[in-house]
Amino acid sequence: MRYESLLHAIGHTPLVRVPFDVPPRIYAKLEYISPGGSIKDRSAYFMVQQAEKEGVLQPGGTIIEASSGNQGIAAAMIGAAKGYKVIITTTEKVSKEKWDTLTAYGAEVVICKPTLDLHDPEGYYEVARRIHEQTPNSLFMAQYFNQNNPLGHYYSLGPEIWDQTGGQLTHFIGAVGSCGTVGGAGRYIKERNPNVAVVGVDSATSYRSTGGNPKPYKLEGIGVDSDSPLLEQAPIDEIIGVHDDDVFPIMKRLAREYGFLVGPSSGAVAYAAYEYAKNLSPDDFVVIVFGDSGRAYLTKGFYN
Ligand SMILES: Cc1ncc(COP(=O)(O)O)c(C=O)c1O
């Protein structure tokens, strides 16, 4: 593949068989192959392009995002490539590698109080919103509420999965955070074949899983932490909640026995898919999403 722009290289990721010992075939979409290293390149790029088309973002402008990491990294990469200033609000929970990555791309990082409530005035979401209000010619991506987030996946991830499977998939399983991935790609796939089961994977102790009484969890890039309009619209058949302790053993196995060094959201998806697939048949064809690489989490000790 050859591209005239870094941003044109976003997406186009391989779909690779994961040889788990279960009846159906399982293939993983390796989103860590994208230039910014995660699935969030797709949604961030689409949100920026739409903001440019709508005149919200003009030359010399600023991209602002509240991100636990990957959406911010994607914004920082795109901002660097397009010449925008980038401000990312985040929390201390984010891995050191992700923080260093943001600053390497030249983004300004604002660390906010950790909170389980997205609308906490001192939390990363509300701080980003205030910075946006005070910054003319700025785009606040607001991935949790921005319709262009799922649309980005509707137009890129969904068609790629459909084409790479020849429309043969029976199950699509991905992590839910903002719900852009599963909502957007899931909608595209369901429009092609409504019988494909779309399954989301959430933290078992998130706001959604606990009915509004969340408990802290170590998984990153996953977890529905507030009421989510994008989740409400998403054509999801089922959501599986997974615990931190379920995920770390399979992350280690994926790296040591299969050669997939993936992050915790991918580990959560792999765990959920493995358990789910035990009850499927050899005729089933499961596609899962590996959203980012384990290289971004090495200092967290998940693989020790
Ligand atoms: C690695 C990774 N996988 C999956 C997700 C969840 O995707 P979404 O926010 O589209 O639901 C995220 C979200 O940040 C992520 O970073």
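So if I place +1 on the C-beta of Lys and Arg and -1 on the C-beta of Asp and Glu, and nothing else carries charge, what would the dipole magnitude of the chain be about its Cα centre? I want it in debye, nearest 20.
In debye, rounded to 20, the chain gives about 580.
By the gyration tensor of its Cα atoms, with a ≥ b ≥ c the square roots of the eigenvalues, what is the shape of the stretch 1-43: rounded for a/c under 1.5, prolate for a/b over b/c, or oblate?
Prolate shape, in that a/c is at least 1.5 and a/b is the bigger ratio.
Put a dot 7 Å past each Cα toward the Cβ at R130 and A9; how far apart are the dots in nm?
3.9
Could you line up I288, I111 from fewest to most neighbouring Cβ atoms inside 10 Å?
So the ranking, lowest neighbour count to highest, is I111, I288.
On the principal axes of its Cα set, how long, how wide and how thick is the chain? Give whole Å, largest value first.
The Cα atoms of the chain stretch 56, 41, 34 Å along their principal axes.
How big is the dipole moment of the stretch 242-285 about its Cα centre under a simple scheme where the beta carbon of each Lys and Arg is +1, that of each Asp and Glu is -1, and everything else is neutral? Debye, nearest 20, please.
200
Mind checking which of G174, G152, G259 has the largest fluctuation in a GNM of the chain, springs on alpha carbons under 10 Å?
Between G174, G152, G259, it is G259 that shows the largest mean-square fluctuation.
Mind running the shape call on the stretch 41-140? Use the C-alpha gyration tensor, a ≥ b ≥ c as the square roots of the eigenvalues: rounded below 1.5 for a/c, prolate if a/b tops b/c, oblate otherwise.
Oblate, since a/c reaches 1.5 and b/c is not below a/b.
So for S95, S34, fewest C-beta neighbours within 10 Å to most, what's the order?
Fewest-to-most ranking of S95, S34: S95, S34.
Using Cα springs under 10 Å in a Gaussian network model of the chain, which residue among T205, T103, T62 shows the largest mean-square fluctuation?
Comparing T205, T103, T62 in a Gaussian network model of the chain, the most mobile one is T103.
Output the relative contact order of the chain, whole-number percent, from Cα pairs under 8 angstrom with separation of 6+ residues.
21
If you find the alpha carbon centre of the stretch 236-304 and of the stretch 181-202, how far apart are they in angstrom?
Between the Cα centres of the stretch 236-304 and the stretch 181-202 lies a distance of 18 Å.
So if I restrict to the alpha-carbon atoms in the stretch 1-79, what is the Rg, and what is Dmax, the biggest pairwise distance, in Å?
Final numbers for Rg and Dmax: 15.7, 54 Å.
Sorting check: for 139-150, 161-172, which peptide has the highest mean count of neighbouring beta carbons within 10 Å, and how do the rest follow?
Going by the mean number of other Cβ atoms within 10 Å, highest first, we get 139-150, 161-172.
To make sure I understand the rule: partners must be lysines, Cα under 20 Å from the Cα of K93, and not fewer than 8 residues away in the same chain. Which ones qualify?
Reachable lysines: K40, K113, K215, K218, K300.
From the Cα gyration tensor of the stretch 158-264, with a ≥ b ≥ c the square roots of its eigenvalues, which class applies: rounded if a/c is under 1.5, or else prolate if a/b is larger than b/c, or else oblate?
oblate
Bear in mind these aren't lab numbers, they're just calculated from the coordinates by the rules spelled out. Model, not experiment: these values are computed from the prediction. Reconstructed Cβ throughout: ideal geometry from the backbone, glycine too, with neighbour counts over all protein chains shown.
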